[in-house]
Structure formats: C-alpha cells, structure tokens
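All of the numbers you see were taken from the coordinates with simple rules; none came from a lab. The structure displayed is predicted, hence computed values, not measured ones. Quick reminder, even Gly has a Cβ in these numbers, built from the backbone with ideal geometry, and neighbours come from all protein chains shown.
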Amino acid sequence: MTTSAAVAARIEQQPREAAPFLKWAGGKGRLLSQLRPLLPSGASRMRHVEPFVGGGALFFSRLPKRALLTDINPALIGTYTAIRDDVSGVIQALRGLAARHSKDCYYEVRERYNRSPRITTAKRAAMFIYLNKTCFNGLHRVNRKGEFNVPIGSYKNPRILNEDALDAASQALQAAHLRCASFEALLENAKPGDFVYFDPPYEPVSETASFTSYTRDGFSREDQTRLRDVYSALDRRGCKLMLSNSDVPFIRELYEGFHIDAVAAPRAINCNASKRGKVSEVVVRNYS
Ligand SMILES: C[S@@+](CC[C@H](N)C(=O)[O-])C[C@H]1O[C@@H](n2cnc3c(N)ncnc32)[C@H](O)[C@@H]1O
C-alpha cells in the first residue's frame, strides 16, 4: 500500500463526529461541556456502558471503541439496532416519509406504527425517527396499551432526514452492544474496569414537576433506591461510575459518601415554556 493510500485507509477507519439523531427528553447535549471534565482518567481505554441511553448524547460525543448501551424502551433500542445494521434501509424508508410529510401523513404513519407489528426493522426505525422529528416537542409518550400517542408538532419545515447524521451514528454504533433491558441487568453485564454513566429519569424537583412517564411505567422513589443499590454493587465490583440526577435532598441522601458535584443545566423539553430555565443537577461519581 502506498503512503497516501495508507493514510486514506486510516482516515476511513477513524470514526466521524457523531451526535444524537433523536430529540430526547432529558438529553445531555447541552451539559456535555460540564460532564466531560468529570470523566475518569483513562476513560478512553474503558468500555462505555450506558444503562439509560436515551438520545445517547454522551456516547455519541465520546465515540468509545467498545460500548454497551441499554434502555427499557424497546422502540428506541430497535431503532439504534436498525441504524447500526441497516442504515441505508432506514434512510431509504425515511426519505419516502419525509417527501410526503403532512398532517394526514403524520397520523396515518402513527396509526400504522401502532397497529402493524409486522413492519420490517428498518421501516419501523424510519417511522420512529419520522414521528420523533415531527411530533409535539419530540416527546416519546405511550398509552397503557403501549401505543405512541403524541400529537403532531407545529413545525413549519421540520428536518426529518439528515443522512450524514444517520451515517455517522451508524458508524459510532458499530462499537456498541445494544440491549433492551431495565437497569438491574447491569448486575449481570457490568465488568470491573467498565465506565458506567447513569442518566435515569430524574427525581421530580416538586410534586407538580413530575415528568417520569418515558415509557408505560414511571420511575418511582423505590426505583431510585434500587438504582442506588445497583450503583453501590458496581462500586464494590470496581467499575468507574458517574450518575446524573436532580439536585434534591432525597438524591443527595441516597448517594451520601460518594463525590457529588452540582452543575447548572438548561432544560430543553418542558411542556410549560415558563419552566425551561436553568436547574441545578448533581453528578455523582465514585472516583475523584
Ligand atoms: C433522562 S433519559 C436519558 C437521556 C440520555 N442520557 C440522553 O442524552 O438523551 C432517561 C432514559 O431512561 C430510560 N428508562 C426509564 N426507566 C428505565 C429503567 N428502569 N431501566 C432502563 N432505562 C430506563 C428511558 O426510556 C429514557 O430513555
């Protein structure tokens, strides 16, 4: 191989910049500059594990060589799997949906998405991305039957298809094992030396601020306590752990004894526009 061919091959193998391609409640995009300095030293050599991956802002910003990404939302994990394994199939299907986007198209796609279980994985992922880009505030909400029920958003000209972003995400996801699972599965899957970033549904700051219906089930105080137990077990196992949550006394008490930093976070998705200001969050680490 000539020198220039070798350089070209190396550039080809280098992961391109990637970013979340979905709008996701609680997405960490605007907190990355505060989270990255808090990563453990040597993080680039560790496996990157995210049990509440959501939009995957930290994963896509880091482009780790090895990753385990899990979430309880099966449609989300199905979409990542399709993007990893058949990005051109997803792009092709999404191109068709983007070309005929309208209010009628939105509700027709939503109906098919909910009622037709036998759609191919790539088409289903395209529908998921289409609905995510055109629905109200990028919310993901399902009813008791598990049907996506968010109304159309009021975007004039939503960007539904960004081929470069999907290609870059597909390349980043080649390094990832993907699993639909609740966070407790980490007790089986995390290994000593893994870097684990937990970004669970947040403990509400007030009774009315509750925004925990990401899937059919909300995330209760019992869930937060079980999560702390998993965190403690993985601490004893020798994993490097970083966790985000709201800055409330209940969370500070749960993680007493670990390193707790406060960061100021802009809130992006809130149905009430007046509540989109900055809020204090905590970052809990088991290393300094
Ligand atoms: C705050 S969001 C994560 C945001 C993500 N870090 C990002 O940058 O977009 C929380 C995620 O936790 C998932 N989730 C809720 N309950 C869960 C559970 N018991 N186990 C695993 N994931 C859960 C939700 O589906 C949602 O994607």
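The three principal axes of the Cα atoms in the range 74-165 give end-to-end lengths of 31, 29, 18 Å, sorted in falling order. Every Cα-Cα pair in the chain was counted, and those over 28 Å apart are 39% of them. Charge dipole (Cα centre; +1 on Lys/Arg Cβ, -1 on Asp/Glu Cβ; no other charges) of the range 133-185 amounts to roughly 340 debye.
Students often get this wrong, so check it: of LYS23/LYS156; LYS23/LYS103; LYS156/LYS278; LYS28/LYS278, which have C-alpha atoms separated by over 22 Å? Kindly include the intermediate steps, with their values, before the conclusion.
Numbers: LYS23/LYS156 17 Å; LYS23/LYS103 19 Å; LYS156/LYS278 27 Å; LYS28/LYS278 13 Å.
Beyond 22 Å: LYS156/LYS278.
Checking every one of the GluC sites (Glu not before Pro) in the range 17-123 against DSSP loop status and a limit of 13 other Cβ atoms within 10 Å picks out GLU17.
Ignoring aspartates and glutamates fewer than eight residues from LYS145 along the same chain, the ones with Cα atoms less than 13 angstrom from its Cα are ASP217. When DSSP beta bridges are restricted to pairs lying wholly in the chain, around 50% turn out antiparallel.
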